Amino acid sequence: MAQRKKDYRVIVVGVGMVGSMMVRVLRERKFPAKEIKILATRERIEEIAGRKYQVKVADAQEFDGFDLAFFAGTEGASGASKLYGWEAVSRGVVVIDNGKDFRMDPRVPLVVPEVNAEALKRHQGFIANPNCSTTQMVVALAPIHRAARIKRIVVSTYQAVSGTGSKARVELEQQVRDWAAGKKPVWEQYVAPIAFNLMPQIAGLKHEFPGYYEEEIKMVKETRKILGDPRLQVSATCVRVPVLNGHSEAINVQTAKKLSVAQARRLLAKAPGVVLVDQPDLDQKKLKFLDPRRSRWPYPQMADGRDEVFVGRIREDLSAKNALDLFCVSDNIRKGAATNAVQIAEELVKRNLL
Ligand SMILES: NC(=O)c1ccc[n+]([C@@H]2O[C@H](COP(=O)([O-])OP(=O)(O)OC[C@H]3O[C@@H](n4cnc5c(N)ncnc54)[C@H](OP(=O)(O)O)[C@@H]3O)[C@@H](O)[C@H]2O)c1
């Protein structure tokens, strides 16, 4: 067996909310990187978690001699992944891409390490990180799928503004301040003010599935690919809510085999990457803000800054056979993007696939 390298030369492409969180998570988790180079559209110095980084302009030659590249640039034709992703692979770099451009490409494994790390064995140098809403859902559902085979999922999401980007966070905070000062809100990021409001539309309308917006279609397709079942029935409604960070999801799941609430709780209590917060009978007086052990159910602020998926409200769906309802929350910038990408890299190192 080839000798495992100890220190890798790493590139992070894009230094917005996701790219800078990737650098932070790489350092926090002590990924064996002897160098982290950051590429973006313009040169400057960026400070991340107390360290200064020289940001260079992205260019194909910048990838020469590097082992691993995390892509967190914008998506689409002028985005970094399309411009430099496969080019980097041809220069010997393993790419972990955070965007949507190649997630459904048959050459590209779409990986959530707690769920389908095995898919990494077949990688051809390019690996994709799923959409944030899909990632937390499959972490919560994989143990149920393994035990009882999921046939159908109906999910409604409550997605934080951080998923739109840092400008949307700033806009929500400003709208709240304006509202408190009795001023009219100003908005740019969404079609209406997001403060004290919500929007049942995330991304554009796609003709492929009439009536569904793109985020909903991603949840259908990506879930099928990750769970390895192209016939899995998934219906999603994705809603943007005035939460700063942390996506929530109400999930109804129907299985081939019956699973009791107690069995589901037992499975989730020991599932990797899951924190079970499901204490419906807990005395109201014992509730303590932000402490998962003293909460009846998960909520977004509990997940903010954490890497796990918090799952609760597990109950039998009384209206259908073999069906359960549950609620999960997760930090969409960490587990939904940066942490999952770094965990993929850790798994590559562990499996000697880098
Ligand atoms: N997996 C997920 O669930 C998830 C969650 C959130 C976001 N995302 C995706 O992750 C990506 C980054 O999101 P974000 O919120 O961090 O975006 P952002 O704040 O807009 O940052 C984008 C970064 O990409 C850089 N960039 C853009 N085009 C580039 C190019 N052609 N070459 C090199 N760098 C380029 C920008 O450079 P400058 O700084 O120089 O402008 C910027 O640093 C997006 O594709 C987003 O959709 C995924």
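What distance in nm separates the simple spin-label points at residue 301 and residue 78, each placed 7 Å from Cα in the Cβ direction?
4.0 nm
Residues in segment 316-354, backbone N under 15 Å from the label point at residue 282 (7 Å along the Cα-to-beta-carbon vector): list them, ranges by number please.
Of the residues in segment 316-354, 327-329 have backbone N under 15 Å from the label point off residue 282.
Determine ³J(HN,Hα), in whole Hz, for all residues of segment 205-213 in sequence, where each value follows from phi through the Karplus function 6.51 cos²θ - 1.76 cosθ + 1.60 and θ = phi - 60°; x replaces Gly and Pro.
6, 10, 6, 3, 10, x, x, 9, 8
If I model a spin label at residue 149 and residue 290 as a point 7 Å from the Cα along the Cα→Cβ vector, what separation in nanometres do I get?
Distance between label points: 4.6 nm.
Under a Cβ-only charge scheme (Lys and Arg +1, Asp and Glu -1), can you give me the dipole magnitude of the chain about the Cα centre, in debye to the nearest 20?
1020 debye
Mind ranking 90-100, 329-339 by how tightly packed they are, going by the mean number of other C-beta atoms within 10 angstrom, highest first?
On the way: 90-100: 21.1, 329-339: 28.3.
Answer by packing, highest mean first, reads 329-339, 90-100.
Could you work out the percent of alpha carbon pairs in segment 63-104 separated by over 13 Å, rounded to a whole number? Mind dumping the intermediate values first?
Numbers: 386 of 861 pairs.
The calculated P(r) of segment 63-104 puts 45 percent of pairs beyond 13 Å.
Please report the base-10 log of the normalised intensity I(q)/I(0) for the chain, using a Debye sum with one equal scatterer per alpha carbon and no solvent, at each q in 0.09, 0.11 (1/Å).
-0.51, -0.76
Where both residues lie in the chain, what percent of DSSP beta bridges are antiparallel, nearest 5?
Numbers: 29 of 61 bridges.
Here the antiparallel bridges make up roughly 50 percent for the chain.
Can you compute 3J(HN,Hα) from phi for each residue in segment 248-261, using the Karplus curve 6.51 cos²θ - 1.76 cosθ + 1.60 with θ = phi - 60°, rounded to whole Hz and x for Gly and Pro?
Computed from phi, the couplings for segment 248-261 are 10, 9, 9, 10, 10, 10, 10, 10, 5, 9, 6, 10, 7, 4 Hz.
Could you run the Karplus curve 6.51 cos²θ - 1.76 cosθ + 1.60 with θ = phi - 60° over segment 32-38 and give me ³J(HN,Hα) per residue in whole Hz, x for Gly and Pro?
x, 9, 7, 8, 10, 9, 10
In nanometres, what is the gap between the two model label sites at residue 316 and residue 41, each 7 Å from Cα along Cα-to-Cβ?
5.5 nm
Compute log10 of I(q)/I(0) for segment 1-129 with the Debye formula, placing one identical point scatterer on every Cα and leaving out solvent, at q = 0.11, 0.23 Å⁻¹, to two decimals.
Taking Cα atoms of segment 1-129 as identical point scatterers yields -0.36, -1.58.
Between segment 147-161 and segment 172-200, what's the alpha-carbon centroid distance in Å?
29 Å
Show the residues, 5+ positions off or on another chain, whose built amide H is closer than 5 Å to the amide H of residue 33.
Under 5 Å from the amide H of residue 33 lie the amide H atoms of 8, each far enough along the sequence or on another chain.
Sort 347, 46 by Cβ crowding within 10 Å, fewest neighbours at the top. List each step's numbers first, then the result.
On the way: 347 18, 46 15.
Arranged by neighbour count, lowest to highest, 347, 46 become 46, 347.
Return 177, 265 ranked ascending by Cβ neighbour count within 10 Å, so the fewest neighbours appear first. Intermediate results must be reported in sequence, preceding the final value.
Details: 177 12, 265 15.
Lowest to highest Cβ neighbour count: 177, 265.
Hey, how much of the P(r) for segment 134-332 falls beyond 21 Å, as a percent of Cα pairs?
On the way: 10873 of 19701 pairs.
Tail fraction, whole percent: 55.
Could you list which residues have their amide H under 5 Å from that of residue 70, counting only those 5 or more apart in sequence or on another chain, with H placed in the peptide plane?
11, 12, 13, 96
If you average the alpha carbon positions of segment 4-70 and of segment 117-139, how far apart do those two centres end up, in angstrom?
Distance between centres, Cα-based: 21 Å.
Tell me which residues come under 5 Å, amide H to amide H, from residue 151 once H is placed; ignore anything under 5 positions away on its chain.
Close amide H contacts, sequence-distant or interchain: 254, 255, 256.
Show me the chymotrypsin sites (Phe, Trp or Tyr not before Pro) within segment 93-175 that DSSP assigns to loop and that have at most 16 other Cβ atoms within 10 Å of their Cβ. Show your work: numbers first, answer last.
Working: sites: 102, 126, 158; in loops: 102.
Sites meeting the loop and neighbour criteria: none at all.
Computed from the coordinates by the stated procedures, all read-outs in this text should not be read as laboratory data. What you are looking at is a predicted structure, and each value in this text was computed from that prediction instead of being measured. Neighbour counts are summed over all protein chains in view; Cβ atoms, including those assigned to glycine, are modelled from backbone coordinates with ideal geometry.
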